[in-house]
1. Can you tell me which residue in the range 179-215 is farthest from the chain's Cα centre (by Cα), limited to those that are more than 24 Å from Met232 (Cα to Cα) and of a type in the set (Gly, Ala, Ser)?
2. If only one of Leu73, Leu60 is hydrophobic (A, V, I, L, M, F, W, C), within 19 Å of the chain's Cα centre (by Cα) and away from ligand 1 (no atom under 13 Å from the Cβ), which one is it?
3. Taking the conditions exactly as written (within 16 Å of ligand 1 (Cβ to nearest atom) and either more than 22 Å from the chain's Cα centre (by Cα) or farther than 21 Å from Tyr151 by Cβ (or both)), does Gln89 satisfy them or not?
4. From Leu208, Leu224, grab the single residue that is crowded, with 17+ Cβ neighbours inside 10 Å, of a type outside the set (Ser, Thr, Tyr), at pLDDT 95 or above and closer than 30 Å to Val174 by Cα.
5. Going through Glu176, Glu141 one at a time, which residue ends up being outside any helix (DSSP H, G or I) and either at pLDDT below 95 or of a type in the set (Asp, Glu) (or both)?
6. Given the conditions (1) crowded, with 20+ Cβ neighbours inside 10 Å; (2) in contact (Cβ under 8 Å) with a residue 60 or more places away in the chain; (3) in a helix (DSSP H, G or I), and given that Arg166 satisfies all but one, which numbered condition is not satisfied?
7. Among the residues of the range 68-83, is any surrounded by fewer than 22 Cβ atoms within 10 Å (Cβ to Cβ), of a type in the set (Ser, Thr, Tyr) and farther than 27 Å from Leu169 by Cβ?
8. Given the structure, is Asp91 acidic (Asp, Glu), loosely packed, with under 15 Cβ neighbours inside 10 Å and free of Cβ contacts under 8 Å to residues at least 60 places away in the same chain?
Amino acid sequence: MLARAAATPPAVGSSLPRENHTVSIRGVNINIQGLGYRYSTRGKPTFSNLRLESQRGEALAIIGRSGCGKSTLLHIIAGLNRPTEGSIQFDGKTVDGPSSRWVMMFQAPHLFPWMKVSQNVGIGLRFAGWPEKEKAERVAEALRLVELSDYAETNVQDLSGGQQQRVALARSLVMEPELLLLDEPFSALDAFTRASLQRDVRSIAKRLGFNLIIVTHDIDEAVLMADRALIMAGAPGKIVHEFQVDLADPRQRQDPAVQSMRARLMDAFHAAAQISGSAAQEMEEEAISGIA
Ligand SMILES: Nc1ncnc2c1ncn2[C@@H]1O[C@H](COP(=O)(O)OP(=O)(O)OP(=O)(O)O)[C@@H](O)[C@H]1O
Ligand SMILES: [Mg+2]
C-alpha cells in the first residue's frame, strides 16, 4: 500500500475500500474565494472576484471561449501561478505552490522519448527516491489502471498518440494525486481515442476518488466527464453559469439525456459568449445562488 504523497516512502494500510489497488487516493475539498489575477500590474485583470467551490471527488468541467482565462485559472489552481487577489484552499489549507498532490495533464503528453513506458511512468517516484521494488509495484498498478500493462517495456516513441496520453495519465496516477487538472488533454486525438480516454479517466477518477477539473472547448467532453459544468466568460473571466450533470455512468453520447444536457450547455455557452463585464457579474451571482 502506498502513501498519498510521492515524496514519502510507502505507508502501511489505506482508509479506502479498494480492489487491491496499490495506488491509494482520496480527493480534496476546493475553496476558491475572491480570486483575482493580472499578468501585469498595468494590464487588465484576467479575473476578478472569481469564486469556485468543489467537493471531494467531484469532476468539474470548465467550458469557455478561447482567451476567457481557463488555462490561467487552471495554472493558478495548480499553484503554478500565484493569485494577485483572493485565496485558494484545499481542505482548508492555502495552495502556495506546485505539489505532487495536484497534477496537470496537457494536450501534449510531454514524455521522455528515449525512455520506456515504465520508466516514464516511474519518473516522479525515481526523483522522489523510491526504492526499486515499491516503485515497480506502483508503476505496474498505474499501467494496469490505464490498460497498458503489455506495453511496460515498449519505447514511448513506438506508441500511438492515445497510448502516449495514457502513459501521461499513468505518470500522473503514480503520484497519487488528490486532484487531476486537465487542460484540453484529448483535443489532439481522433474521436474514437478521445472517447475511450474520456470514459476511462472519469471511471478511474470515480474508482479511486480523486477530483477532476477539466478545461475544455468541447461541450460533449464536459457532459461525458463531469459531475458539474461551469461556463466561463471573459474580460475579466467570470463563471456565468453552472449545471449539475446528473447522468448515469457509463455515459453514451447518443443517450437522449446526454443529448438534452448537451443542448442546455450549448445554449448557455452561446449566451455566455455574448456577455462581458457587469452582465457577467450578475449572471455569476445568479449561477452561484443555484438558479442555473
Ligand atoms: N503569459 C501571459 N502573459 C500575458 N497575458 C497572457 C499570458 N497568458 C495568457 N494571457 C492572456 O490571458 C487571457 C487568458 O488566457 P488563457 O490562456 O487563460 O485563455 P484560455 O481560456 O485558456 O484560452 P484557450 O481556450 O485559447 O486556451 C488571454 O487574454 C491571454 O491573452
Ligand atoms: Mg487554454
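The values are calculated or read from the model by the stated rules, or taken from the named source; none is laboratory data. These numbers were taken from a predicted model, which means no experiment stands behind them. Heads up, the Cβs are rebuilt from the backbone with ideal geometry, glycines too, and the neighbour counts pull from every protein chain shown.
1. Among those that are more than 24 Å from Met232 (Cα to Cα) and of a type in the set (Gly, Ala, Ser), it is Ala191.
2. On the way: Leu73 fails: away from ligand 1 (no atom under 13 Å from the Cβ).
Only one candidate passes the filter, namely Leu60.
3. no
4. Leu224
5. Glu176
6. Failing condition for Arg166: (2).
7. Of the range 68-83, the ones surrounded by fewer than 22 Cβ atoms within 10 Å (Cβ to Cβ) are 71-72, 74-75, 78-83.
Those left that are additionally of a type in the set (Ser, Thr, Tyr): 71-72.
Remaining after also requiring farther than 27 Å from Leu169 by Cβ: none.
No.
8. No.
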